[in-house]
Amino acid sequence: MAPVASCLLFLTSLSLAAAASLPKRAEGFPVSAADRNAVLCVASAVAQCTDLHIQDLTVPPNTTLDLSKVKANTVITFEGRTFWQWANATYDLLKVGGTNITIQGAACSVLDGNGPAWWDGIGSNGGVPKPDHMITGSKLLGNSVIKNLYIKNAPTHVFSISGAFGLVMKAIVIDMKEGYTLLPSGLAAAHNTDGFDVSSSTDMLITNNLVFNQDDCIAITSGGGLVATNMYCSGGHGLSIGSIGGKSNNTVDGVIFSNSKVINSQNGARIKCNSGTAGVVNNVTYQNIQLFNMSTYGIDIQQDYLNGGPTGIPTPGVNITNIVMNNIHGTAQPGAENYYILTAAGTTADTWKFSDIDITGGDTNTCVLHPAGLSC
């Protein structure tokens, strides 16, 4: 059997420290020929190698580090600091894809998205042009593992995984703590820094990850056979299904959230369905979830979501069935709601099973439906 090719990339020109000391131009930091050549080398290595090491790489402005077409069984290891320079543009920082591949970080490595260069408190809802996602997983990402990554300061959404199958994402730290800083507008700087956005994916495991961010810790908008367990979520919008509905009439069928902690966040367990649209949410379980200091809702099941918040007028288009919530305990802030369950007339909770639910501290509850096992 022929030996496996090994490719090791070094950044030999512009270090992060040196870049910080140089003046910015309109298109970002000055870029050396060596920086550009390193990125070109990645493209060449992807086509030839199955053991790819990326070490201390600075990615030039408006450039996607494209690892979406690696050979089957490739191992990609990030070493040192991978850093993306600023550009006044919309694109993805890193694309990954392949079958039976492993993407991992070496000890003390960091993927630094340079988020503060873009953060404006508006995120993907407008403002200055900024990357759509930090890491995009293509539909070719199958039977693979993403692990041991330390990800810092994404411009907006961190992971956007679509069409994956048999994917395991574990031992990942998403660190957007710098984004908690309030801007003069009063907005948190790093708005829309979702941790894990998952759509149209199957047989996927997200486990043993730490997320410090300013939006959904996990948001699953379509797919099934998905398990998220042993998660620690801080500062964001909680463990979310949705939003469901809209143009795609999407379906979520078969999701388990378990054995996780959500602290200092807007919401804990959340199913958000768009007002005036259609879709399906079926076979969703939240179990063994600890909540601390929710600022908006402890448990949230709503059919009135629109443009980032509730309208107060639920619509019946999204069918919500077979919902299990078990052993969810915790606290909400004064002014928050322990429970917000707002569904349209005609929706029934016959297939909803609630047990051992106790969230306290919030001032009010909104429960149009009263599922058995929930004191609302």
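Only the coordinates and a few stated rules stand behind these numbers; no lab work does. Predicted model, so just to flag it, every value in this text is computed and none were measured. Note that we place each Cβ from the backbone using ideal geometry, even for glycine, and neighbour counts take in every protein chain shown.
Against the chain, whose longest principal axis is taken from its Cα atoms, helix 33-48 shows a tilt of about 70°.
With +1 on each Lys and Arg Cβ and -1 on each Asp and Glu Cβ, how big is the dipole of the chain about its Cα centre, in debye rounded to the nearest 20? Don't skip to the answer; put the middle values down first.
Values: 18 positive and 25 negative charges, 128 e Å.
The calculated dipole for the chain is roughly 620 debye.
Pairs with C-alpha atoms separated by more than 22 Å, drawn from the list K95/K261; K95/K130; K139/K272; K177/K272, are K95/K261; K139/K272; K177/K272.
Listing H191, H329, H53, H157 from the residue with the fewest other Cβ atoms within 10 Å to the one with the most, what is the order?
Numbers: H191 21, H329 15, H53 18, H157 25.
By the 10 Å Cβ count, ascending: H329, H53, H191, H157.
Counting neighbouring Cβ atoms within 10 Å and putting the fewest first, the residues V96, V158, V42 line up as V42, V96, V158.
Run the numbers on region 151-287 and let me know its relative contact order in percent, using alpha-carbon pairs under 8 Å that are six or more apart. All intermediate terms of the calculation are to be shown ahead of the outcome.
Details: 403 pairs, mean separation 27.5, N = 137.
This gives 20 percent for region 151-287.
I need to check one value: relative contact order of the chain, counting alpha carbon pairs closer than 8 Å and at least 6 residues apart, in percent. Present the calculation step by step, with values, prior to reporting the outcome.
Working: 1220 pairs, mean separation 31.0, N = 376.
Normalised by residue count, the contact order of the chain is 8 percent.
Give me S222, S199 sorted ascending by neighbouring Cβ count inside 10 Å, so fewest comes first. Display every interim value, and only then the final one.
Numbers: S222 22, S199 17.
Lowest count first: S199, S222.
Just checking my list [x] 63, 56, 35; [y] 71, 50, 32; [z] 72, 60, 42 against Cα extents along the principal axes in Å computed from this structure; which label fits? Correct label, based on the coordinates given: [x].
Please compute the net charge surrounding N153, taking Lys and Arg as +1 and Asp and Glu as -1 over other residues with Cβ under 10 Å from its Cβ. Neighbour charge sum, excluding N153 itself: -1.
Rounded to the nearest 500, the 222 nm mean residue ellipticity of the chain from helices alone is -2000 deg cm²/dmol, with -39,500 (n - 2.57) taken per DSSP H run of at least 4 residues.
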